[in-house]
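The values are calculated or read from the model by the stated rules, or taken from the named source; none is laboratory data. Keep in mind that this is a model prediction, so the values were computed, not measured. Here Cβ is always computed from backbone atoms with ideal geometry, including for glycine, and neighbour counts include all displayed protein chains.
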Amino acid sequence: AGNRFGAKAFLSLPNTSPPPPPPPPPLPHTHTHTLQPVASKASLYELIDSCIIILTARFTYEIAPVFVLMEQLTLKKMREIIGWPSGEGDGIFSPGGAISNMYSVMIARYKYFPEVKAKGMSAAPRLVLFTSEHSHYSIKKAGAALGFGSENVVLLSTDERGRVIPADLEAKILDVKQKGYHPLFVNATAGSTVYGAFDPINEIADICEKYNMWLHVDGAWGGGLLMSRKHRHKFSGVERANSVTWNPHKMMGVPLQCSAILVREKGILAGCNSMCAGYLFQPDKQYDVSYDTGDKAIQCGRHVDIFKFWLMWKAKGTIGFEQHIDKCLDLSQYLYDKIRNREGYEMVFDGVVIIPPFLPQPQEHTNVCFWYIPPSLRGMEHNSKEYREKLHKVAPNIKAMMMESGTTMVGYQPQGQKVNFFRMVISNPAALQSDIDFLIDEIERLGRDL
Ligand SMILES: *Cc1c(COP(=O)(O)O)cnc(C)c1O
């Protein structure tokens, strides 16, 4: 269909080959310190998007032909970047990473137990999903929503950096098999939400092959790093995954919502979800009905999420996204280096030095997790209950004061046995080192007397 008007050539997205254009001049420094792109240039794409998208409805080719082609082409490009041969496979844009992860669980179940689609879960043995204790809660939620039961989502132990321990996965699979249940699915997180950790995909893929299980990679947060020649090695082995979640609306700065579920096996998404409603998806249309992609989705009407992403890709180029990613990672490295040995700071985890030829790069993603220790706590015994209780209140107090003074904001949370710590993430490429300096000054100004 697309070739008729040369549409494919017009729609096609840039490659990595052209030399990088000179970086744009830094934006003037203002007093809002936005380290995530709440109000950056991305808003422009969103505005254009909103103006155009009002008209569109569900995804049959006849209703939205250009957007269907844009979606097909962009998904193919993303699959090529993942490393699947010729970008073959399947996929769809969904309303977010949580839904994309849910798709992966549905497709895995369909792959091994297709009869569940018609007969329900009683047609299958007790099915078990595996994901790390640091993974996003959406995997557990999918287990509950899809009738597996949250008790059949087994949480895997992690090392001190928050990465899955492969031996623990294998032990837990064996345990489940021994109980007579069926291990179905493993989720490996590439860029965990809190620590920014990357699970070892190759080692997990070996185990999935051994036990004939589905491997999903949740790259909702980390996916953007696939665009960077410097950082994509953290995804080593991703081409062995059966499915991948990748959210352009996170690290890549595309306005919400824009998330893709990418699948290696072609046709399985339609097999899993199609209901062939006669009033929309007539098989005897005068065009190739494989362009009627809407029946692959669990939705009926869908928002056009592709346009703003495609437009950004056209405008920034692949190189532009790469620079965006590299810049955010450099900036988080700057923050990490600045506070690692600074008085009054403690890191939640130490950096990792990764394989040569890359320089030691303590930061896996832009997540920098740390405690600020006010002077009044510095001499105290770190293991005492009193110290832990006091430290637990520091980050919430500082954040509340930040909100009251309206200068900046940074998130915090506890994790496992660890009391509240700050979790700084950077995804706005317009942020500057001076914003980081300001943040640190502000934490110290507000926290000095706690
Ligand atoms: C944010 C996130 C999700 C959920 O994505 P939404 O688009 O917010 O639904 C899933 N997995 C990871 C690792 C995330 O960081």
Filter result for the condition that a residue is assigned to a loop (DSSP other than H, G, I, E, B), within 16 Å of the ligand (Cβ to nearest atom) and assigned by TED's automatic domain parsing to the domain that holds PHE59, over MET275, MET251: MET251
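Looking at VAL217, is it within 16 Å of the ligand (Cβ to nearest atom) and modelled with pLDDT of 95 or more?
In short, yes.
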ALA167: surrounded by 20 or more Cβ atoms within 10 Å (Cβ to Cβ) and outside the structural domain of ILE426 (by TED's automatic domain parsing), yes or no? no
GLY162 is checked against (1) within 22 Å of ILE261 (Cα to Cα); (2) within 16 Å of the ligand (Cβ to nearest atom); (3) touching a residue at least 60 places away in the same chain (Cβ under 8 Å) and fails just one. What number does that condition carry? (1)
Residues of the range 88-120 classified as of a type outside the set (Val, Ile, Thr), part of a helix (DSSP H, G or I) and more than 16 Å from the ligand (Cβ to nearest atom), total: 8
State yes or no: is ASP175 assigned to a loop (DSSP other than H, G, I, E, B) and among the acidic types (Asp, Glu)? no
Restricting attention to the range 199-210, does a residue exist that is part of a strand (DSSP E or B), within 20 Å of the chain's Cα centre (by Cα) and within 16 Å of the ligand (Cβ to nearest atom)? no
What residue, of ALA144, ALA188, ALA197, is surrounded by fewer than 16 Cβ atoms within 10 Å (Cβ to Cβ) and not assigned by TED's automatic domain parsing to the domain that holds HIS365? ALA144
Take the residues of the range 69-128 that are surrounded by fewer than 22 Cβ atoms within 10 Å (Cβ to Cβ) and in contact with a Ser or Thr (Cβ under 6 Å, 6 or more places away or on another chain): which is farthest from SER12 (Cα to Cα)? ALA98
Of the conditions (1) out of contact with any Asp or Glu (no Cβ under 7 Å at 6 or more places or on another chain); (2) within 14 Å of the ligand (Cβ to nearest atom), ARG232 clears all except one; give me its number. (2)
Taking the criterion of being closer than 19 Å to MET424 by Cα, within 15 Å of the ligand (Cβ to nearest atom), modelled with pLDDT under 95 and of a type in the set (Phe, Trp, Tyr), would at least one residue in the range 177-196 satisfy it? yes
Condition first: touching a Lys or Arg at 6+ places or on another chain (Cβ under 8 Å) and not in a loop (DSSP other than H, G, I, E, B). Can you find one or more residues in the range 212-219 that meet it? yes
